[in-house]
Every structure is written in C-alpha cells, then in structure tokens.
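The values are calculated or read from the model by the stated rules, or taken from the named source; none is laboratory data. Remember, it's a predicted structure, so these values are computed and weren't measured experimentally. Cβ atoms come from the backbone with ideal geometry, glycine included; neighbour counts cover every protein chain shown. The protein model used for the area step is the full one, side chains on, heavy atoms only, and it has no ligands, DNA or RNA in it. Shrake-Rupley method; radii C 1.70, N 1.55, O 1.52, S 1.80 Å.
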Amino acid sequence: MRILITGGAGFIGSHLAEALLNAGEEVYIIDDLSTGSMDNIHLLEKNCPKNNSLFFHKNSILDYDIMLELVGTCDMVYHLAAAVGVRYILDNPLKSIQINIQGTEKVMELCAKFKKKILIASSSEVYGKHLHAPLVETDNIIYGPSSKFRWSYAASKLIDEFLAIAYHRMTDLDIVIARLFNTVGPRQTGAYGMVIPRLVQQALNNEPLTVYGDGTQTRTFTHVKDVVHALISLMNTPSAIAEIFNIGGIQEISIIDLAKKIIDVTGSSSQIECIPYEKAFAKDFEDMQRRVPSIEKISQHTGFKPHYTLDNILEEVAAYFSK
Ligand code: UDP
C-alpha cells in the first residue's frame, strides 16, 4: 500500500514511517522540517529494509500542488504535520495557528476529493485544564483566556477535530481522530520544551534539572512505539471511523518525582532546581496541572494496551542521549 505521512520527519512521524516501512508499505513523507529533522529521514533510509519505498518531499502541507499529487497517489493519510511543543507555539504563535488550521483543512479537502481515509493526530491539550482523572473522550473542555497563548494550540487542535467530523458528515470522508498524550522515546528533541529529553540530558551532564513551578503537576507518558502501534491499529479498525480516541499510558507521575527518577536511572549527581513559571516562560503561559488518559475506548476497539513502563522509557532515552 502507498501511505502518506504528513510530518513524517518529526519524532512520532519518523517512528511511524519506520514501522510502516518494516511492514513492507510504500511510505511518502511530506515535512517542511520546521521541527522535523533530516537526520530522521537519513536514519529511515539507512535502517529500513526496503529503503527504495521511501519518498521524501521537503514541502509545507500548505503547498497545494504537491499535496494534490501526494494525496492523489497514496491510499491513506496519517496527518501528523503540526506545530508542536509549548516552547515552539509560544515562539511562533501565528505560524502555529496557520499550520494547524489551514494546513489540516487543505489535507482534509484533498482527502475528501480523492476519497482517501485519514487519521488525524490531535492532542490531549484539547481537554484543557482539568484536575480530574482519567480524561474521557466525552469530557467537557476547559480553557484559559485567549490572552494566555498556550490555549491557541488546544483551540486549533479542537478546530481540527470539528473539521474532521464536519468533513465526515458532509462528504462521507473516512476519518479517525487520535488524541495523543505525552509521547516520548528515543529521537525526541528537547529543543521545543519537552520535559523528558530536557531533564535526561541535564542529568547526563550533571547539570541542575529544571523543574517548572513546584513540580506537583502530573503527566502520563507513552513510549512512541506504543503510540505508533495504536495509530496503525486505529487506521485498520473499521469501527474507529468517525470516532475520537485517547492514546496514552497508565502511569501518572508528578514532574518532581519524574526528575528524581531520572536522577536515579542515570546515576547523576544533579540537583533539582524549581524554576517559577514566570521565569521559564513569557507572561502569557499557563500550565496544565494534571493529565491522565482513559484508554478504555481504544482498548475496546483495538485491544490496545501500552507495553513500555516509564522505567523502560527513561532507560531507552538515557541510552539514546549517552550515545
Ligand atoms: N517541564 C519542566 N521542565 C522542563 C520542561 C517542562 O518542569 O524543562 C514541565 C512543564 O511545565 C509541564 C511538564 O513538564 O508541566 C510537561 O511538559 P512538556 O512540555 O513535555 O509537555 P506538555 O506541557 O505539553 O504536557
């Protein structure tokens, strides 16, 4: 099969490409390398048995002509191209909204034109600032004011979900929506703010671990390989069409405990330094206090359950950066 991955040079996209190439598929990637990396493409070319079935285009998904050709050529689309990372979104507010809304609309318009099934990567950010756990796909959403720019990402991903459902209703387009919780693993960069690569690198360098706020905020991390497995299963499950699914792990942990664990796993002599949010971010930042997914729905539809523990993840990430 010919499969298009938008954002395929990124962290999750390149792991997805690797799995699909290993399964013998022809993989087409479009990525403007805004946060993706050519290193990921070179790695795919080097490691994948069928490297002649990889086709890479360095373009934006806003480039209509190339997208017309690619969507027309491929049998299905994993739409992962997006502005990602809190730091990136705060630094690139306009471009982030444009890519996430206009870009996604263009991709869906073309999928509807050619009747190609599409899986849209949404985000746990969509839920906003809940304190309860676990988050269920039918939960209400709670955002802060528009002056706090972080919420632009959540709002843009929410619009993507509405667009997908509207395309399904109006054009019969086969869509699947996946809300990804904190996805981590080897090859993820800390450049856009993500906590695990940042703290692991700090620990390996015996530098202070920068914990924002008092570190009581929690997250539930998922290994990228579990996420890739879930994405492929959802794409291949007919009952997933027109549905929204959380994809995430099961081990909730506070960021301060995560930092302690990282010091432990790496055998580092680092100390933990709590940094007030106002020092770490511009004034229009607001953090999410808690984020835990319910994975009951995806488990029911696909049998998904995460394979990797947080310890596995931290060991792999530490080994990756040690190299
Ligand atoms: N965080 C931190 N130190 C860092 C980077 C992030 O304490 O160097 C915190 C961040 O404030 C958030 C959590 O770790 O509470 C997860 O941050 P990340 O950017 O990885 O993901 P997201 O905020 O999207 O969940």
Original post:
Based on what the data block shows, is TYR127 hydroxyl-bearing (Ser, Thr, Tyr), modelled with pLDDT of 90 or more and within 16 Å of the ligand (Cβ to nearest atom)?
Top reply: yes
Subject >> Residue under evaluation TYR78, criteria (1) part of a strand (DSSP E or B); (2) open to solvent by 20 Å² or more (accessible area, probe 1.4 Å), criterion not met >> reply: (2)
**OP:** Could you tell me which numbered condition VAL84 fails, if it satisfies all but one of (1) under 23 Å from PHE11 (Cβ atoms); (2) crowded, with 22+ Cβ neighbours inside 10 Å; (3) at pLDDT 95 or above?
**Re:** (3)
Subject >> Criterion violated by ILE298 - all others in (1) assigned to a loop (DSSP other than H, G, I, E, B); (2) more than 16 Å from the ligand (Cβ to nearest atom) satisfied >> reply: (1)
Subject >> Sole residue being out of contact with any helix residue (DSSP H, G or I) (no Cβ under 6 Å at 6 or more places or on another chain) and within 30 Å of SER146 (Cβ to Cβ), chosen from ILE99, ILE41, ILE89, ILE61 >> reply: ILE99
Subject >> Every residue from region 189-235 that is over 14 Å from ASP257 (Cα atoms), part of a helix (DSSP H, G or I) and within 11 Å of the ligand (Cβ to nearest atom) >> reply: PRO197, ARG198, GLN201, GLN202
Original post:
Out of all the residues in region 260-278, which are surrounded by fewer than 16 Cβ atoms within 10 Å (Cβ to Cβ), among the hydroxyl-bearing types (Ser, Thr, Tyr) and over 27 Å from the mean Cα position of the chain (by Cα)?
Top reply: SER269
Original post:
Would region 158-178 turn up any residue that is open to solvent by 50 Å² or more (accessible area, probe 1.4 Å), over 15 Å from ILE244 (Cβ atoms) and outside any helix (DSSP H, G or I)?
Top reply: yes
**OP:** For ALA112, work out the one condition from (1) in contact with a Ser or Thr (Cβ under 8 Å, 6 or more places away or on another chain); (2) open to solvent by 60 Å² or more (accessible area, probe 1.4 Å); (3) not polar (S, T, N, Q) it doesn't fulfil.
**Re:** (2)
Subject >> LEU21 vs. criteria open to solvent by less than 10 Å² (accessible area, probe 1.4 Å) and not in a strand (DSSP E or B) >> reply: yes
Subject >> Hey, VAL27 crowded, with 16+ Cβ neighbours inside 10 Å and assigned to a helix (DSSP H, G or I) or not >> reply: no
Original post:
Could we say that VAL77 is in contact (Cβ under 8 Å) with a residue 12 or more places away in the chain and either farther than 30 Å from PHE285 by Cα or charged (D, E, K, R) (or both) here?
Top reply: yes
Original post:
Can you name the residue in region 32-56 that is modelled with pLDDT of 95 or more and of a type in the set (D, E, K, R) and is also least open to solvent (accessible area, probe 1.4 Å) among such residues?
Top reply: ASP32
**OP:** For residues that are touching a Leu at 6+ places or on another chain (Cβ under 8 Å), open to solvent by 20 Å² or more (accessible area, probe 1.4 Å) and farther than 30 Å from LEU209 by Cβ, tally how many sit in region 229-258.
**Re:** 1
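Okay, residues lined up against (1) under 28 Å from GLN217 (Cα atoms); (2) surrounded by fewer than 23 Cβ atoms within 10 Å (Cβ to Cβ); (3) over 21 Å from the mean Cα position of the chain (by Cα):
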{"residue": "LYS58", "(1), (2), (3)": "no, yes, no"}
{"residue": "GLN98", "(1), (2), (3)": "no, yes, no"}
{"residue": "LYS117", "(1), (2), (3)": "no, yes, no"}
{"residue": "TYR127", "(1), (2), (3)": "yes, no, no"}
{"residue": "PRO134", "(1), (2), (3)": "yes, yes, no"}
{"residue": "GLU137", "(1), (2), (3)": "yes, yes, no"}
{"residue": "TYR143", "(1), (2), (3)": "yes, yes, no"}
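Could you list all residues from region 292-307 that are in contact with a His (Cβ under 8 Å, 6 or more places away or on another chain) and crowded, with 18+ Cβ neighbours inside 10 Å? Please lay out each step first, then the result.
Initial filter on region 292-307 (in contact with a His (Cβ under 8 Å, 6 or more places away or on another chain)): 304, 306-307.
Across region 292-307, the qualifying residues are PHE304, PRO306.
Would you pick out the residues in region 253-295 that are part of a loop (DSSP other than H, G, I, E, B), away from the ligand (no atom under 13 Å from the Cβ) and modelled with pLDDT of 95 or more?
GLY267, SER268, SER269, GLN271, SER294, ILE295
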